[in-house]
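The structure under discussion appears below in the form of structure tokens.
What follows draws every value from the coordinates through simple rules; no lab data is involved. Every value quoted in this text rests on a predicted model; they were computed, and no experiment measured them.
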Amino acid sequence: MLSEHQRHWGVDQWAAYLSNHELPCMPRSKAQLLERESELGEQLSARDLADIAGADPFLCLRLLRAAESRRTQRLGHETTTPLGAVMQLGTDTFHKLLRDCPATNEDNAGLAACEARSYLASRLALRWGTARADLQPDEIAMAALLSEIGELLLWSFAPELPLAALEALHSGRAQRSIQAQMDVCGFRFKDLTLKCASIWNLPGLLPQLIRGIDNTRANLSRLCIDTARHLASGGHDDPALPSDIAEARHLIPGASLNWLAEQLPGIDEEGAALLALKAAELIEPTEP
């Protein structure tokens, strides 16, 4: 229950409050580690451990913060991928970190939906990012995975705020998610993510990619986040998806519209072709 004082907090106060909480992990991460190592009879490789972390925004962030703390002491390179974090810490430290990590509540529907969007955005970043040789898809995917961490923290420790924003959106008092967040909370959840990233001293590349406006990689990260939100809210019939595919073509000119559409999870060949056709009409409008 929020106190009357907390109801008047701005983004700085919420960032300070939430960033001091111990980060949890998704229960499936612990279960997956135990199950896979039990079947294998030995510890998983660093790559396999990174795959587990790369599917859990809470665990990924916890791992990154620990790796960055160790890096700062040793003055090494910034850690910007799950694999880099595992290599920085070592597999034994990863096991201890995950073992000691509290599990979040998967029955929290709002948290589950937000976390699913984050994972979807990161998978899409890996798929689309492979089409540009000058990009490092793992970095874009990590930024996409962590992009919703401000909202995830709210769902975990102050669910009244995102619930109220959702109610404002569904009731029609706000037309878009960002407007609902501003009306109810006075700040965007993305700004909360960026404030927390600053408090945690995360590598400078990640906030740049999450902000999504400075260069091709940042724009692609933002686009993956937006596309994941459109898929989550309207499925493959969401009217914003053709525009997303058209923008992806602008950022990845070497990829065809059909290929870009086919990378959307769960879409069949016919659906991808229809999306590509609509995107093409946006790029080159048909003559009246």
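What list of ³J(HN,Hα) couplings, whole Hz, do you get for the stretch 47-61 from phi and the Karplus terms 6.51, -1.76, 1.60, once you set θ to phi - 60° and write x for glycine and proline?
Coupling constants for the stretch 47-61: 5, 5, 5, 5, 5, 5, 5, x, 10, 9, x, 5, 5, 4, 5 Hz.
Label the stretch 144-228 by shape, choosing from rounded, prolate and oblate, from the square roots a ≥ b ≥ c of the eigenvalues of the Cα gyration tensor; if a/c is under 1.5 it is rounded, and otherwise prolate applies when a/b is larger than b/c, oblate when it is not. Mind showing how you got there, number by number?
Values: a/c = 2.44, a/b = 1.51, b/c = 1.62.
It comes out oblate by the Cα gyration axes.
Taking 8 Å as the Cα distance limit and 6 or more residues as the minimum spacing, I'd like the relative contact order of the chain as a percentage. Before the final figure, lay out the partial values.
Values: 388 pairs, mean separation 52.1, N = 288.
With pairs under 8 Å counted, the relative contact order is 18 percent.
Considering the chain as a Gaussian network with a 10 Å cut-off on Cα pairs, which listed residue, THR227, THR80, THR130, attains the greatest mean-square fluctuation?
Of THR227, THR80, THR130, the most mobile in the Gaussian network model is THR130.
Residues with amide H under 5 Å of CYS25's amide H, sequence separation 5 or more or different chain, H placed in the peptide plane at 1.01 Å from N; which?
ALA103, THR104
With springs only between Cα atoms under 10 Å apart, run a GNM on the chain and tell me which of PRO162, PRO239, PRO137 wobbles the most.
PRO239
With θ set to phi - 60°, apply the Karplus curve 6.51 cos²θ - 1.76 cosθ + 1.60 along the stretch 270-277 and write out the HN-Hα couplings as whole Hz, x wherever there is a Gly or Pro.
Listing the rounded values in order: 5, x, 5, 5, 5, 4, 4, 5 Hz.
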